[in-house]
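Read through the structure below, which is laid out as structure tokens, and then see the notes.
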Amino acid sequence: MNEYDSTRILDLTKKINYVPTTNLSEANCYILNTCHIREKATDKVYHDIGRIKKNFRNKIKPIILVAGCVAQAEGEILLKKEKYIDAVIGPQSYHKINEMILNLEKKSKSENFTEFDVIEKFDTLNSLKNSDSNISSFLTVQEGCDKFCKFCVVPYTRGPEFSRTIKELTKEANQLAENGAKEIILLGQNVNAYNNKKKRLSDLIFEISKIKNLKRIRYSTSHPLDFSEDLIEAHKNFKKLMPVIHLPVQSGSNKILDAMNRKHTINEYLELIEKLKNAKPNIKFSSDFIIGYPGETDEDYQQTVKLMKNIEFIHSYSFIFSARPGTPAFGLKKVDQKISKERLINFQSIAERIKTNYRKTLINKIIPVLFENKIKNENKYFGRDEYFNSVVVQSDNNLSGKIINVRILKSNQNTLYGKFISKLNYENFAA
Ligand code: SF4
């Protein structure tokens with residue numbers, strides 16, 4: 001979502017004649033768009049500012065803005081701790097960024113814009129044409145979260161759930177397609193909680209799938225509790241909807257799920273997976289895992305391993321529990337770090353084995369790949385298959401924006417390598 005926000009900030013600041021530069025030591029203004037999910041992100045802000053300071057030693061200081069969830073959660077602390085920062089701006093105040101920059105051009109007073117003005121924000125952004133021209137583009141459809149998982153900062157940094165209207169989203173999706181997007185990834189902290197005037201995510205997917213030049217639709221990130229029947233049906237009915245779902249589970253233990261306030265059990269999660277498989281037999285899943293959540297015993301951990309082996313997630317993101325200030329889990333007694341680390345290493349090796357075995361099944365298969373860009377200084381193109389696997393092929397022709405059948409020849413940990421077979425006729429795949 002920060003990537004999407006950054007493109008919108010760029011669209012906004014163009015209005016006051018700011019343009020992006022790759023010459024970092026000559027920028028007049030730095031906007032650090034931050035994430036607060038894990039501790040390291042905050043450290044990175046201080047680290048980056050240290051680097052900027054070095055670049056600008058003996059030069060006129062640029063305007064330094066810290067945007068995003070670190071600004072929202074720790075704005076005052078940042079301003080006090082690092083005087084080089086001129087202002088902080090939270091995710092729901094981006095529509096005020098130009099006002100903030102123009103003020104800072106005139107005076108040197110630090111500023112803090114961290115109110116939750118989400119309606120005003122999207123009203124401002126809706127009036128701007130989206131200039132994002134990536135083949136695969138993000139589109140924020142929903143922000144915020146009302147779930148209050150005990151470890152998570154999102155309800156405090158992004159605020160309550162808010163869904164944009166189908167009308168404005170369809171308009172922006174059309175703009176993205178006109179700019180060359182062939183794939184749109186619908187974003188929300190709780191994307192399947194999307195609800196605007198009783199219109200749900202499946203209604204939005206239906207509308208967007210009518211855009212002729214748009215070939216693929218994905219959405220992220222979902223909560224198991226919000227998987228309504230209509231969304232399950234959408235996977236059966238809409239061919240443009242890709243057959244992989246990111247469905248965070250966090251733990252395989254009911255005790256830990258309850259302690260996290262995830263509001264569902266493992267049986268309910270497994271039932272949901274079954275329903276989705278019945279609707280779309282070739283569907284696959286990816287997930288997030290927190291290892292070493294306070295109170296996690298070895299037995300709880302083994303249940304997480306069992307779940308991983310049972311579902312065989314094709315992509316998984318696992319981290320040791322990181323206590324975030326301001327969340328209910330912050331003060332809880334931590335699992336011994338050595339034990340957490342051992343469990344994480346073991347878990348990741350199991351996840352890797354599952355992924356490797358899955359990738360082996362793709363060797364010699366012919367799969368459709370949407371190519372996104374040429375790899376710098378090489379005659380190779382990068383793309384993704386329907387399951388979000390990275391694929392690289394060699395080609396002297398420009399493949400960007402094309403969906404092409406590729407025979408997979410080999411695979412390493414992160415990438416599949418293949419060779420060009422034919423162009424896929426997508427006319428057969430209308431939603
Ligand atoms: S559902 Fe997701 S975004 Fe919401 S509180 Fe839980 S982890 Fe955070």
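Within region 349-403, being over 30 Å from S133 (Cα atoms) and either part of a strand (DSSP E or B) or in contact with a strand residue (DSSP E or B) (Cβ under 6 Å, 6 or more places away or on another chain) (or both) holds for A351, R359, L362, I363, K365. The residues of region 206-236 that are closer than 22 Å to K167 by Cβ, surrounded by 20 or more Cβ atoms within 10 Å (Cβ to Cβ) and not hydroxyl-bearing (S, T, Y), listed by number, are I208, L214, I217, R218, L231, A234. Just one of the listed residues (T356, T327) is under 27 Å from the mean Cα position of the chain (by Cα), of a type outside the set (D, E, K, R) and over 22 Å from I311 (Cβ atoms), namely T327. Entry remark, region 278-309: residues being within 16 Å of the ligand (Cβ to nearest atom), in a loop (DSSP other than H, G, I, E, B) and under 25 Å from the mean Cα position of the chain (by Cα) number 1 in total. Condition (residue is more than 17 Å from L187 (Cβ to Cβ), surrounded by fewer than 22 Cβ atoms within 10 Å (Cβ to Cβ) and touching a Lys or Arg at 6+ places or on another chain (Cβ under 7 Å)) applied to region 118-139: is it met by at least one residue? Checking region 118-139: not a single residue is more than 17 Å from L187 (Cβ to Cβ), surrounded by fewer than 22 Cβ atoms within 10 Å (Cβ to Cβ) and touching a Lys or Arg at 6+ places or on another chain (Cβ under 7 Å).
The residues of region 239-277 that are hydrophobic (A, V, I, L, M, F, W, C) and part of a strand (DSSP E or B), listed by number, are L241, V244, I245.
Here I9, I37 are screened, and the one residue that is under 25 Å from N190 (Cβ atoms), in a helix (DSSP H, G or I) and among the β-branched types (V, I, T) is I9.
Among the residues making up region 157-181, those that are touching a helix residue (DSSP H, G or I) at 6+ places or on another chain (Cβ under 6 Å) and surrounded by fewer than 17 Cβ atoms within 10 Å (Cβ to Cβ) are E168, T170. The set of residues in region 26-74 being at pLDDT below 85, among the polar types (S, T, N, Q) and surrounded by fewer than 18 Cβ atoms within 10 Å (Cβ to Cβ) consists of N58 alone. For residues in region 185-229 being out of contact with any strand residue (DSSP E or B) (no Cβ under 8 Å at 6 or more places or on another chain) and part of a loop (DSSP other than H, G, I, E, B), which is farthest from the ligand (Cβ to nearest atom)? Of everything passing the filter in region 185-229, K212 is farthest from the ligand (Cβ to nearest atom). Within region 153-169, if we keep just the residues that are away from the ligand (no atom under 16 Å from the Cβ) and not basic (K, R), the residue that is nearest to Y4 (Cα to Cα) turns out to be L169.
Residues checked against (1) in contact with a Pro (Cβ under 9 Å, 6 or more places away or on another chain); (2) within 30 Å of F319 (Cα to Cα); (3) away from the ligand (no atom under 16 Å from the Cβ):
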site: S127; (1), (2), (3): no, no, yes
site: F138; (1), (2), (3): no, yes, yes
site: C145; (1), (2), (3): yes, yes, no
site: F151; (1), (2), (3): yes, yes, no
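Is it the case that region 130-147 has a residue that's among the β-branched types (V, I, T) and under 18 Å from L65 (Cα atoms)?
No; the residues of region 130-147 include none that is among the β-branched types (V, I, T) and under 18 Å from L65 (Cα atoms).
Per this entry, Q92 is not counted among residues that are more than 27 Å from T170 (Cα to Cα), within 16 Å of the ligand (Cβ to nearest atom) and not assigned by TED's automatic domain parsing to the domain that holds A193.
Go through the residues of region 237-245 one by one and say whether even a single one is within 16 Å of the ligand (Cβ to nearest atom) and either buried (at least 21 other Cβ atoms within 10 Å of the Cβ) or within 19 Å of T140 (Cβ to Cβ) (or both). Within region 237-245, one or more residues are within 16 Å of the ligand (Cβ to nearest atom) and either buried (at least 21 other Cβ atoms within 10 Å of the Cβ) or within 19 Å of T140 (Cβ to Cβ) (or both).
The values are calculated or read from the model by the stated rules, or taken from the named source; none is laboratory data. Keep in mind the model is a prediction, meaning the values are calculated, not measured. Every residue, glycine among them, receives a Cβ derived from its backbone with ideal geometry; neighbour counts consider all protein chains shown.
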